[in-house]
Amino acid sequence: MKIYSMIATGCPMVFCSRSFLLRSIPFLFVLLPASTVVAQTRPVSELAPGVFFYFGDELQQKSANCVWVVFRDYVLAIDANYPWGAEEIVTEIRKTTDKPIRFLFDTHYHHDHTFGNAVFADAGATIVSTEKTAEEMHIPGQYEWDHGSQYSGRNMTGTRREFPSLTFDQQLVFDDGVHRVELRRMGPAHTGGDGVAYLPKEKILVTGDLCVNGNPWGNNVADANADYDKWLDVLDTMAGWDIKIVVPGHGDPGTTETLKQQRSYLADMLNQVREGIKLGKSKNQLTKEIDLSKHPVYGANKVSITRSIGNMYDKLSAKEH
């Protein structure tokens, strides 16, 4: 069903470019109880009037960044974090506004961006994603959920899963005359269903994990639906938009230069792995030989970088056979 009309006053103006549907192993840490509360290491910052940024702290197992936009009558949040991170984010949102949290957008299906969905749903939010992300949550995402404590680093007992109930194919727009947020599908790239949030008035782009910026783990290239060449094209495309602030899925906000640095990092990894495969080198050889430390977005955790090179080798080698 195509929707092009404005919803009643007090609700968002929502446009959908094609379809609008209603549908009802990991980093290992010392496990902590899900209820453990550790204070946020950085204060929430206001990127522009009514647009707020929460820094996702990897070392506290609150890893995904979150942005929320305070519209005239409601709040749209972007990425849920883990349940304990989501609880903290909801508390922080309520410090910035008394408007209800009406929508939560999952940029992609990965555990650190969606495991906290239920916290937002309980706060009154409708969960939004691309159609492909909703599909991925039911298949590869189910594996992550079934191994949730290993992925999250904390005990997930007593938590529940919440799936997107509002999905879109290519684009969904929220516009109340004050703020405009364009949710756009960009995948397959990092995952099959990657989506971003673009705020053209404020010139802010929220990328999910299409871009990360120097977080300890580097970027994850292992997803079964990842498309490396398309990912490079997507980064080129976004770098051409009118943007002042880029909010990555992890790490500090940057600029379009951060998108270019992410592209350079991924392209360097991809080219070296492809060349190594052509020369008949083993995965073990390449993980020892490839050095990506010159790139500003490189993560300090070398174990994760080594794993990424190995995952890329496996994925590309499988295509050769």
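Bear in mind that the values in this text are calculations on the coordinates, not laboratory data. The structure displayed is predicted, hence computed values, not measured ones. Cβ atoms come from the backbone with ideal geometry, glycine included; neighbour counts cover every protein chain shown.
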Report the charge-dipole magnitude of the stretch 13-255 in Debye, nearest 20, computed about the Cα centre from +1 at each Lys and Arg Cβ and -1 at each Asp and Glu Cβ. 520
Fewest to most Cβ atoms within 10 Å: VAL178, VAL69 sort as VAL178, VAL69
Peptide ranges 206-213, 188-195 listed from the most packed, as the mean C-beta count within 10 angstrom indicates: 206-213, 188-195
Antiparallel DSSP beta bridges within the stretch 113-247, percent to nearest 5: 65
Cα-only Rg/Rh for the stretch 13-255 with Kirkwood Rh rounds to 0.92
Sparsely packed chymotrypsin sites (Phe, Trp or Tyr not before Pro) within the stretch 232-321, loop by DSSP, other Cβ within 10 Å at most 16: TRP241
Relative contact order (%) - the stretch 188-250, alpha-carbon pairs under 8 angstrom, separation at least six: 50
I'd like the distance separating the alpha-carbon centroids of the stretch 73-149 and the stretch 237-286, in whole Å. 26
Indicate, rounded to the nearest 5 percent, the antiparallel portion of the DSSP beta bridges found entirely in the stretch 13-255. 70
